[in-house]
Amino acid sequence: MGYWGAGNDAANLELAREADRLGYSVAWVAEAYGSDAPSVLAWVAAQTTQIDIGSAILQIPARRPTMAAMTAATLDTLSGGRFRLGLGVSGPQVSEGWYGVKFDKPLGRTREYVDIVRTALRRERVDYQGKHFVQPLPDGPGKALKLTVHPVREHIPIYLASIGPKNLELTGEIADGWLAIFYSPEHGRESLEVIAKGREKAGKTLEGFDVVPTSPLVVDDDWRRAADTVRPYAALYVGGMGSREQNFYNNLACRMGYEAEATECQDRYLAKDYAGAAAAVPLGFLDSTSLLGPKERIADKMRELAESGVTTLTVSPILQDLERSKAALRVAVDALELAGVGS
């Protein structure tokens with residue numbers, strides 16, 4: 001679902017209800033520096049019956065790990081056991097500019113954060129002496145406490161949003177699933193090989209690990225015209241997210257073989273030539289990372305995604321019109337049945 005508070009709240013909720021009716025597995029809610037995910041997730045959970053609710057993502061610099069555990073336990077209880085906890089470090093601009101938290105040592109901070117969250121959700125006393133998190137504080141009145149809320153499930157699944165190789169390996173080692181963006185079947189296999197190394201460190205395989213890319217969805221008889229609808233979205237990330245020196249999405253596009261185009265997109269976006277930045281996004285990048293065209297073509301891409309290792313496919317209708325977005329959700333269901341890879 002899109003961000004709340006942008007004039008499309010009713011449409012987002014209606015999409016969640018439609019997805020619930022159609023049998024979708026999970027509705028994900030994001031946060032940046034506007035609406036917070038937990039409030040929206042509670043609102044959606046109250047007005048759906050079977051679809052899971054997931055944070056994609058709760059930003060690590062926004063909350064202490066024990067607060068994240070409290071939120072996860074509360075949402076799992078309120079939803080009747082339907083919550084999935086997605087976490088991510090965000091980026092330097094948001095972490096330091098909005099939360100006032102230094103964007104430093106993201107791998108170490110994430111590892112300790114997840115460790116504390118899991119400890120709290122197991123309802124063990126949190127007594128943690130790490131490099132980045134120390135609880136209770138030493139030489140003070142604080143004492144080790146344990147969570148008083150009982151989640152519905154003994155294990156709430158934790159997902160990490162990660163892009164770079166080191167983060168991917170960490171995701172495989174400590175998480176239950178991976179929230180991917182701009183995932184293509186061709187290059188996704190390379191990422192899963194890195195994740196598998198992390199799983200091996202933890203004595204595990206990819207069996208049972210949830211691979212969850214978000215794919216922009218545009219239903220249209222002309223897939224190239226559909227791709228043009230996705231251009232502004234892709235340009236925002238590849239060109240405008242982060243700084244010239246540190247843009248994770250731009251780096252990803254470069255690793256996928258689009259270095260020249262990614263550089264041009266960023267140059268134009270930072271110069272406020274947004275139309276030019278959108279035009280610079282290569283068609284191949286859009287096609288490989290999105291679901292574009294009629295039902296049959298979307299079904300073909302779903303097969304490719306499943307064969308590459310995807311286990312849960314998140315679709316994001318890139319349309320402002322509610323009825324067309326709902327129709328796209330229905331087409332995706334039909335395409336999944338046609339592809340023969342659903343469950």
- request: Filter region 257-287 down to residues that are touching a residue at least 40 places away in the same chain (Cβ under 8 Å) and buried (at least 20 other Cβ atoms within 10 Å of the Cβ) and give me whichever is nearest to residue 216 (Cα to Cα).
  value: 286
query: Can you tell me how many residues in region 21-44 are in a loop (DSSP other than H, G, I, E, B), out of contact with any strand residue (DSSP E or B) (no Cβ under 8 Å at 6 or more places or on another chain) and among the charged types (D, E, K, R)?
result: 1
message: Being of a type in the set (A, V, I, L, M, F, W, C), in contact (Cβ under 8 Å) with a residue 24 or more places away in the chain and surrounded by fewer than 20 Cβ atoms within 10 Å (Cβ to Cβ) narrows it down to one residue among 306, 299, 335; which is it?
response: 306
- prompt: Taking helices (runs of 4 or more DSSP H) that fall entirely within region 228-331, which contain at least 2 residues that are touching a Pro at 6+ places or on another chain (Cβ under 6 Å)?
  reply: 295-308
- request: Would you confirm whether any residue within region 60-67 is among the hydroxyl-bearing types (Ser, Thr, Tyr), at pLDDT 95 or above, within 26 Å of residue 335 (Cα to Cα) and surrounded by 17 or more Cβ atoms within 10 Å (Cβ to Cβ)?
  value: no
task: Please indicate, with yes or no, whether at least one residue in region 85-99 is at pLDDT 95 or above, over 16 Å from the mean Cα position of the chain (by Cα) and aliphatic (A, V, I, L, M).
output: no
- request: With respect to residue 50, determine if the residue is surrounded by fewer than 20 Cβ atoms within 10 Å (Cβ to Cβ) and polar (S, T, N, Q).
  value: yes
message: Just checking, does region 281-294 include any residue being small (Gly, Ala, Ser), at pLDDT 95 or above and over 20 Å from the mean Cα position of the chain (by Cα)?
response: yes
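The rows are residues; the columns are (1) surrounded by 14 or more Cβ atoms within 10 Å (Cβ to Cβ); (2) in a strand (DSSP E or B); (3) aromatic (Phe, Trp, Tyr).
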| position | (1), (2), (3) |
| --- | --- |
| 85 | yes, yes, no |
| 95 | yes, no, no |
| 111 | yes, no, no |
| 117 | yes, no, no |
| 141 | no, no, no |
| 144 | no, no, no |
- prompt: Among (1) at pLDDT 95 or above; (2) surrounded by 21 or more Cβ atoms within 10 Å (Cβ to Cβ); (3) of a type outside the set (Ser, Thr, Tyr); (4) touching a Ser or Thr at 6+ places or on another chain (Cβ under 7 Å), where does residue 185 come up short?
  reply: (2)
message: Where the second residue is surrounded by 14 or more Cβ atoms within 10 Å (Cβ to Cβ) and part of a loop (DSSP other than H, G, I, E, B) and the first is without any contact (Cβ under 8 Å) to a residue 40 or more places away in the chain and among the basic types (Lys, Arg) and lies in region 17-34, which pairs have Cβ atoms under 8 Å and are six or more apart or on separate chains?
response: 17/48
Residue that is surrounded by the fewest Cβ atoms within 10 Å (Cβ to Cβ), among those in region 167-182 that are without any contact (Cβ under 8 Å) to a residue 40 or more places away in the chain and more than 25 Å from residue 287 (Cβ to Cβ): 176
- prompt: Would you pick out the residues in region 188-227 that are crowded, with 20+ Cβ neighbours inside 10 Å, outside any strand (DSSP E or B), touching a residue at least 60 places away in the same chain (Cβ under 8 Å) and within 19 Å of the chain's Cα centre (by Cα)?
  reply: 188, 192, 209
message: Just the residues that are among the small types (Gly, Ala, Ser) and either more than 13 Å from residue 326 (Cα to Cα) or surrounded by fewer than 16 Cβ atoms within 10 Å (Cβ to Cβ) (or both), please, taken from region 4-27.
response: 5, 6, 7, 10, 23, 25, 27
message: Looking at (1) surrounded by fewer than 17 Cβ atoms within 10 Å (Cβ to Cβ); (2) touching a strand residue (DSSP E or B) at 6+ places or on another chain (Cβ under 9 Å); (3) not in a helix (DSSP H, G or I), which one does residue 90 not meet, given that it meets all the others?
response: (1)
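The values are calculated or read from the model by the stated rules, or taken from the named source; none is laboratory data. All figures in this text were calculated on a predicted structure; none of them were measured in a lab. Please note: Cβ atoms are built from the backbone with ideal geometry, for glycine as well, and neighbour counts cover all protein chains shown.
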